[in-house]
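Chemist: Have a look at the structure that comes next, please.
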Amino acid sequence: MTGLTPDITAATVVRHGVLDLTFADGLRGEVEVLDRMHGPVFDAARTPEGFAKVKVDAETGTVVWPGGADLAPDTLYEHVRTGGWPSDAVPVERAATS
């Protein structure tokens, strides 16, 4: 475990853009990740051939592709656990204090 989030221990391509992930605590689920793969580092990984080359990096505890592309394991874990992306949460406005 690299932090508070359990490491990814297995990743299988279900279809282009979808991974079946298993975490060290036993949590498992499918995640559609193509919309999370931004920037030129993901250019090859976004292709069907490149996407199929996903691996689990045991040192970082996340999924990686050739060329250095990776995805944050904490974000993937929360998506599998809750069905939503952490960045989709609606911020709560703080009440003004006087």
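Chemist: Working from Cα positions, state the angle (0 to 90°, nearest 10) between the long axis of helix 73-82 and the longest principal axis of the chain.
Modeler: Taking the Cα atoms of the chain, the angle to 73-82 is about 70 degrees.
Chemist: For the range 8-80, with only Lys/Arg (+1) and Asp/Glu (-1) charged at the beta-carbon, what is the dipole magnitude about the Cα centre, in debye rounded to 20?
Modeler: Roughly 220 debye, rounded to the nearest 20.
Chemist: Now a separate question. Output the relative contact order of the chain, whole-number percent, from Cα pairs under 8 angstrom with separation of 6+ residues.
Modeler: 25
Chemist: Over the Cα atoms of the chain, what is the Rg over Rh ratio if Rh follows Kirkwood?
Modeler: 1.06
Chemist: Taking amide hydrogens as modeled 1.01 Å from N in the peptide plane, which residues meet the under 5 Å criterion relative to Thr62, leaving out close sequence neighbours?
Modeler: Ile8, Asp57
Chemist: Once the piece of chain linking Thr60 and Thr9 is laid out straight, how much longer is it, given 0.36 nm per residue of separation minus the C-alpha distance between them?
Modeler: The span from Thr60 to Thr9 would gain 17.3 nm if fully extended.
Chemist: Hey, what do the phi angles of the range 46-59 turn into as Karplus ³J(HN,Hα) couplings, whole Hz, using 6.51/-1.76/1.60 and θ = phi - 60°, x for Gly and Pro?
Modeler: Karplus values, whole Hz, x for Gly and Pro: 7, 6, x, 5, x, 4, 5, 8, 4, 9, 9, 8, 5, 6.
Chemist: Something else about it: Multiply the residue separation of Arg81 and Lys53 by 0.36 nm, subtract the distance between their alpha-carbon atoms, and state the gained length in nm to one decimal.
Modeler: Value of the extension gain: 7.6 nm.
Bear in mind these aren't lab numbers, they're just calculated from the coordinates by the rules spelled out. Predicted model only: the values in this text are computed from it and were never measured. Every residue, glycine as well, gets a Cβ built from its backbone with ideal geometry; the counts of neighbours run over all protein chains shown.
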